[in-house]
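Only one structure is covered here, and it is reproduced in the block below.
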Amino acid sequence: MHPEDLAEKAAQIRAETAAIKREVRVCMAASCQSSGAQPVLAALADICGDGGGTCHVKGVGCMGLCSAGPLVAVADKDCTLANAVLYRDVTPADAPDIMQSVCGAPVERLRCPTEQPFFQRQQRIVLENSGRIDPDSFKDYVAVGGYAALVKALSEMTPAEVLREVTTSGLRGRGGGGYPTGLKWSTVAKTAGAQKYVICNADEGDPGAFMDRAVLESDPHRVLEGMMIAGYAIGANKGYVYVRAEYPLAVERLQTAIRKAKGAGFLGARVADTQFNFEVEIRLGAGAFVCGEETALMASIEGLRGQPRPRPPYPAEAGLWGCPTLINNVESFANIAPIIRNGGAWFAGIGTEKSKGTKVFALAGKIQNTGLIEVPMGTSLRDIIEQIGGGIPDGLAFKAVQTGGPSGGCIPEQHLDIAVDYDSLKTLGTMMGSGGMIVMDETACMVDVARYFMEFCMTESCGKCIPCRAGTQQMHGLLDKIAKGEGTHADLALLEHLCEVVQATSLCGLGQTAPNPVLSTLRYFRDEYENKLVSE
Amino acid sequence: MAQPAVIPNVRVVTLTIDDRDLSAREDETIIEVCRENHIPIPSLCHLDGLSVWGGCRLCMVELEGQARLFAACATRVAEGMRIHTMSEKLKRYRRTIIELLFAERHHVCAVCVSNGHCELQWLAQKCGVDHVRVPYRQAAYPVDSSHEMFRLDHNRCILCTRCVRVCDEIEGAHTWDIMGRGTDCRVISDLAQPWGTSDNCTSCGKCVQVCPTGALVKQGTSVGEMVKDQHFLPILARRRHAQ
């Protein structure tokens, strides 16, 4: 298949639905579903019927503003979310009014203004189709240019050219570490091996993070497309998506996507009528945070106990079943199709000097607009929280924002103007992580925050290495003692020593970064710890 | 893992450990070179003849030019490597790790069958542990005396998995494994059933001999009587490889 053939196919799909002028899009991602989107969709579809052939009700992926769900957008067919009429907190009883508004004036009482920064300040690359297409529809994806990048790579580019574009793009691993994706791909491509694997890490486990879930629920084909392009570039014919079992909807949509892509000849043997073969299998994680660590993840896929092993050898050299393996996060793969479509240089033009492209963040905690946003790298934290996020509710003052989950740290008010990228966050003692942002107001106790994350690490430690297994427990005990107002100066000194030992000696990233929440809160809020200490 | 005697095509490299010039095969790990040259390097999970585990983190060493520490048992030597095994920082870390182990379960040497022959006790003395700064957890663990020849006392287990590995890799029975996670980890026989009822335990006793503490011992031993012999392991492992 050539790009023109696919373009023709896309045009054909668009022609089939050319009569439909207006769309009623109902968010069917996990968050809106949990606030009752399913009956809303049913009620709207019931009233709409066939819509006279000009109107169409459909379920779509995440629209971002999860706190206002269930969300319904009424829009012209190819209209983006920022230009649509958006309704918030919709119930089935609102369905008649909304259907009335399709060809008339908007329902003012339900309006959620899209002129606000939350919608206007975003730049959507990863989420470009999210909230627009039906994630279960293969045709929808192709109609908006889906699989064009794959066909372009397979028919017009050599694997080396694909590698060059990804390297040029400057994309860095979106799982948190920020390792250059092009370098990782090239390493696996250069490693000799008859069998190679591609793994998509969808074991998103940070508290307050749901970027990968939203991508899988809203645009699963995009992830498959990224994986296949990776497979072509490095010479792999088999991929695994390791997704946590706590994401049933994401798993279901991914299964549908795999089935439909296979049925259409875009997955399996002879992908898009070329010599390239690629199979994808889903593996469910059984709820262990440590399985997001790549060596533990691979052990889990192999059917072994999910615990990490020392590196090197790195997965690029000896990964799954000892074969060279490429392992990337969901969001990394979701960036690949646009990079191939528009060229690496286009992607490299977005973002900061060392961090290119956009980043999806999950806003949670004490913030007006909780939900999912995508902004260019280099956007300031203040913009994200005060403009896009809408600031702190209830007239309270901002205190800190936690990034990077249990491996990250808290950033106080005085550093809010920093431009967010991998390196700037590191200098502040935290990290990008996968993109969770938990905002805290003035009522938050930072010792409590540190204790919470330490408890998380303690219960999620696999138990293999002593510093992480016993160290996190001791640190949690000390934090608990301090939080209760029973800690002494000696306890605080011991806590800091344990932080140092656990950070320096733990086997994997979980243990090595477990002290970060403590260290960062100590760095910026030491007085809160000291005020709780009792004199010996 | 013990290697067969002759391996073709392996280069020899030179390196320094604590400023001593040494040579080594490039497929050797730092800890193997240290042991060959009588450079004391503490470890509780590594054992010549078993696969690399990398769990006790006591063998962490410093490499010049690298910011992070490396586990000597899991890091291969390389040409020109400059390794330091005994810096003040490493000594502090090792001491803390041993203290964490002592506080985790019940390690009361005075009443232990392995008193005087225990690797944990010996390392604690070597590393200058004169008291434990972190609070003792005081959790009680069960003792499995169901096996007619041996006994497993979870209170003295440090989860080094030597028993798991020797049973799987040398004896080929895989009676032992680990269940749970974090501090709830526990060594189990078969599907967490009493050792004495295990279907596949061959009663070979290898696990007892490789256990560094008094967790796995012979029945009928009293305080200080349990002396272990691990010399069989490298010999057996090399013969297996030669076959």
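So the values come out like this:
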| quantity | calculated |
| --- | --- |
| Listing of strands (runs of 3 or more DSSP E) fully contained in segment B:1-83 that carry 1 or more residues being of a type in the set (Ser, Thr, Tyr) and modelled with pLDDT of 95 or more | B:12-17, B:20-25 |
| Matching residues, segment A:220-279, being aromatic (Phe, Trp, Tyr) and assigned to a helix (DSSP H, G or I) | A:Tyr232 |
| Residue, nearest to B:Val52 (Cα to Cα), within segment B:168-219, restricted to residues that are among the acidic types (Asp, Glu) and exposed (fewer than 15 other Cβ atoms within 10 Å of the Cβ) | B:Asp184 |
| The one condition in (1) surrounded by 19 or more Cβ atoms within 10 Å (Cβ to Cβ); (2) not in a strand (DSSP E or B) that B:Arg151 fails to fulfil | (2) |
| Conditions (1) at negative phi; (2) surrounded by 14 or more Cβ atoms within 10 Å (Cβ to Cβ); (3) facing chain A (nearest Cβ under 9 Å): number failed by B:Ile83 | (3) |
| Those helices (runs of 4 or more DSSP H) lying entirely in segment A:398-496 with at least 2 residues of a type outside the set (Phe, Trp, Tyr) and away from every other protein chain (no Cβ under 14 Å) | A:422-427, A:446-460 |
| Pair list, Cβ < 6 Å and 6+ apart or interchain, from segment B:50-70 residues that are facing chain A (nearest Cβ under 7 Å) to residues that are basic (Lys, Arg) | B:Gly55/A:Lys464 |
| Criterion violated by A:Gln100 - all others in (1) at pLDDT 90 or above; (2) more than 30 Å from A:Glu8 (Cβ to Cβ) satisfied | (1) |
| Test: residue in segment B:119-134 that is in a helix (DSSP H, G or I), acidic (Asp, Glu) and in contact with a Pro (Cβ under 8 Å, 6 or more places away or on another chain) | yes |
| Subset of segment B:210-228 (residues that are more than 14 Å from the chain's Cα centre (by Cα) and either free of Cβ contacts under 8 Å to residues at least 60 places away in the same chain or under 14 Å from B:Glu169 (Cα atoms) (or both)) | B:Gly220 |
| Failed criterion for A:Ala93 (all others in (1) at pLDDT 90 or above; (2) aliphatic (A, V, I, L, M); (3) surrounded by 15 or more Cβ atoms within 10 Å (Cβ to Cβ) hold) | (3) |
| Filter result (in contact (Cβ under 8 Å) with a residue 24 or more places away in the chain and closer than 12 Å to B:Thr213 by Cα) within segment B:106-120 | B:His106, B:His107, B:Cys112, B:Val113, B:Ser114, B:Asn115, B:Gly116, B:His117, B:Cys118, B:Glu119, B:Leu120 |
| Qualifying position, being surrounded by fewer than 21 Cβ atoms within 10 Å (Cβ to Cβ), of a type outside the set (Gly, Ala, Ser) and either within 12 Å of chain A (Cβ to nearest Cβ) or touching a Lys or Arg at 6+ places or on another chain (Cβ under 6 Å) (or both), among B:Arg105, B:Arg133 | B:Arg133 |
| Number of positions in segment B:150-167 that are within 14 Å of another protein chain (Cβ to nearest Cβ) and under 19 Å from B:Gln121 (Cβ atoms) | 6 |
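Yes/no per residue for (1) away from every other protein chain (no Cβ under 14 Å); (2) in a loop (DSSP other than H, G, I, E, B):
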{"residue": "B:Val187", "(1), (2)": "no, no"}
{"residue": "B:Gly196", "(1), (2)": "yes, no"}
{"residue": "B:Ser203", "(1), (2)": "yes, yes"}
{"residue": "B:Pro212", "(1), (2)": "no, yes"}
{"residue": "B:Val227", "(1), (2)": "yes, yes"}
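Listed here are the residues, each with its yes/no results for (1) within 22 Å of B:Gly54 (Cα to Cα); (2) not aliphatic (A, V, I, L, M).
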{"site": "B:Tyr136", "(1), (2)": "no, yes"}
{"site": "B:Tyr141", "(1), (2)": "no, yes"}
{"site": "B:Glu148", "(1), (2)": "no, yes"}
{"site": "B:Arg151", "(1), (2)": "no, yes"}
{"site": "B:Arg156", "(1), (2)": "yes, yes"}
{"site": "B:Val166", "(1), (2)": "yes, no"}
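The values are calculated or read from the model by the stated rules, or taken from the named source; none is laboratory data. All values derive from a computational prediction rather than experimental measurement. All Cβ positions, glycine included, derive from the backbone under ideal geometry; neighbour counts span all protein chains shown.
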